[in-house]
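Below you'll find the structure, written out as structure tokens, and then a few comments.
The values are calculated or read from the model by the stated rules, or taken from the named source; none is laboratory data. Note that the coordinates shown come from a computational prediction; the quantities given were computed from them, not determined experimentally. Methodologically, a virtual Cβ is constructed for each residue, glycine included, from the backbone with ideal geometry; neighbour enumeration extends over all protein chains shown. Side chains are part of the model used for accessible areas, which takes the heavy atoms of the whole protein and leaves out ligands, DNA and RNA. Shrake-Rupley method; radii C 1.70, N 1.55, O 1.52, S 1.80 Å.
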Amino acid sequence: DGYINTNQILNGHYPTSLANGDKVTFPLVLGKGTYEVSMLYSTSNDRGKLDIALDGNIIINQLDQYSAGVIYNVIHRESAVVIRHPTKTLSFRVNGKNAASSDYHANCSLNHSGGLPKMDIEVITTLL
């Protein structure tokens, strides 16, 4: 379940269960094209590394969410993400951790309705 954190934009987080390999998948429909993907999250000393995939194809590999102290409202951008076939799922999986991290916790901000994680996916070009 998500929770409220008033220090983070949109005030919500989707936390994992603190296990390496933990995964959550959301339905998503994206047409063919080239996209920029932005993710909003926070970092801390107990965070793991996060893989983000579209239909099982990793678009962000081992995003390290570790920092010595809490940092809110961190944005990671991945440009030129090419979708060659219509996409049906967006998934997040904990894939290891920083050597200095005390745990495998990973998160992403939820939108205000508590639905999909706060991922801005913008069309750069459309494939024919």
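Taken along the Cα-to-beta-carbon direction at a fixed 7 Å, the label points for Thr89 and Asp55 span 1.3 nm. Length available on full extension from Ala100 to Tyr72: 0.36 nm per residue minus the Cα-Cα distance, which gives 8.2 nm. Full extension of the chain between Gln62 and Ala19 gives 14.0 nm of extra length, using 0.36 nm per residue less the Cα-Cα distance. Charged neighbours of Val70, selected by a Cβ distance under 13 Å, balance to 0 (K, R count +1; D, E count -1). Using the Karplus relation 6.51 cos²θ - 1.76 cosθ + 1.60 with θ = phi - 60°, the per-residue 3J(HN,Hα) values for segment 76-85 come to 10, 10, 10, 9, 6, 7, 9, 10, 9, 9 Hz, with x marking Gly and Pro. Exposure check, 1.4 Å probe, all protein chains in place: Thr25 carries approximately 70 Å² of accessible surface.
Ordered by packing density, taken as the mean number of other Cβ atoms within 10 Å over each peptide's residues, highest first, how do 65-76, 47-58 rank?
Numbers: 65-76: 14.5, 47-58: 18.9.
Packing order, densest peptide first, comes out as 47-58, 65-76.
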